[in-house]
Amino acid sequence: METFKRIDFWLSVALILIGTIHSFILLDETFIYWYFIVGGWQVISMLFHSVNGWFTRKNGSRYLYSCTVAVIIALGLLTLVIQIFAVIYLILLFAAPLMAIFYALLCSDELKELKKNHDLSLK
C-alpha cells in the first residue's frame, strides 16, 4: 500500500504540474484534456482505494472527498438530460484545479500517516 500511495501522490503532483505548464505554454483548449487526465487518474485511484478499503473510514477525508466526486459525476450525467445542471457544472470547471490539489494533499497526508504507523511499529 505504501508503494501505491507514493506513486499516487507523485503521479498526481506530476500530472498537475505538467498539465499546468503545458496549458500555460500553449494557451489553447488543451487545458480541458488535462482536467480529464488528472481527474481520471484521481478517480481510478479513488476506486482502487475503495476496492482495497484503504483510508475509507466513514466521515474520513477520503470518504467525504469520494462522496463529493460521486455527486459531481452524477450532476455531469444529469446535465445530459436536464440542461439547468450545465450551469452548475460550469462552476465546477473552476473548482476542479482546487480539488486536484486537495486530492494530492490528501494523498500526502495519508502517506505521512502510513510512515508514522510504520515508524511506530518498528519501535
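Given springs between every Cα pair under 10 Å in a Gaussian network model of the chain, which of Leu47, Leu27, Leu98 has the largest fluctuation? In this elastic network of the chain, the residue with the biggest mean-square fluctuation among Leu47, Leu27, Leu98 is Leu27.
Most exposed first by the Cβ proxy, i.e. fewest other Cβ within 10 Å, how do Lys5, Lys116 rank? Mind dumping the intermediate values first?
On the way: Lys5 21, Lys116 10.
Fewest to most other Cβ atoms nearby, the residues stand as Lys116, Lys5.
Using just its DSSP H runs of length 4 or more, each adding -39500 (n - 2.57), the chain gives a mean residue ellipticity at 222 nm of -30500 deg cm²/dmol after division by all residues. A Gaussian network model of the chain, with springs between Cα atoms under 10 Å, assigns the largest mean-square fluctuation among Ala96, Ala14, Ala74 to Ala74. Across the stretch 62-73, rounded Karplus estimates of 3J(HN,Hα) from the backbone phi angles (6.51 cos²θ - 1.76 cosθ + 1.60, θ = phi - 60°) give 5, 4, 5, 5, 4, 5, 4, 5, 4, 5, 5, 5 Hz, Gly and Pro being marked x.
Using the Cβ-Cβ distance between Met1 and Cys67 with R0 set to 22 Å, the FRET efficiency works out to roughly 0.50.
Per residue, the convex hull spanned by the alpha carbons of the stretch 2-122 comes to 110 Å³. Our coupling estimate for the stretch 76-85, obtained by passing each phi through the Karplus curve with A = 6.51, B = -1.76, C = 1.60 and θ = phi - 60°, is x, 5, 5, 4, 5, 9, 10, 4, 4, 5 Hz, Gly and Pro reported as x.
Panel order for His49, His22, by other beta carbons found within 10 Å of each beta carbon, from fewest to most: His22, His49.
Order by neighbour count: Thr68, Thr3, Thr79, fewest other Cβ atoms within 10 Å first, most last. Intermediate values should be presented prior to the final figure.
Values: Thr68 13, Thr3 7, Thr79 16.
With the sparsest Cβ surroundings first, the list reads Thr3, Thr68, Thr79.
Here Phe94 and Val51 are evaluated by their C-beta separation; at R0 = 30 Å the FRET efficiency comes out at 0.45.
Bear in mind that the values in this text are calculations on the coordinates, not laboratory data. Since the structure is predicted, the reported quantities are computational estimates derived from the model, not experimental observations. Here Cβ is always computed from backbone atoms with ideal geometry, including for glycine, and neighbour counts include all displayed protein chains.
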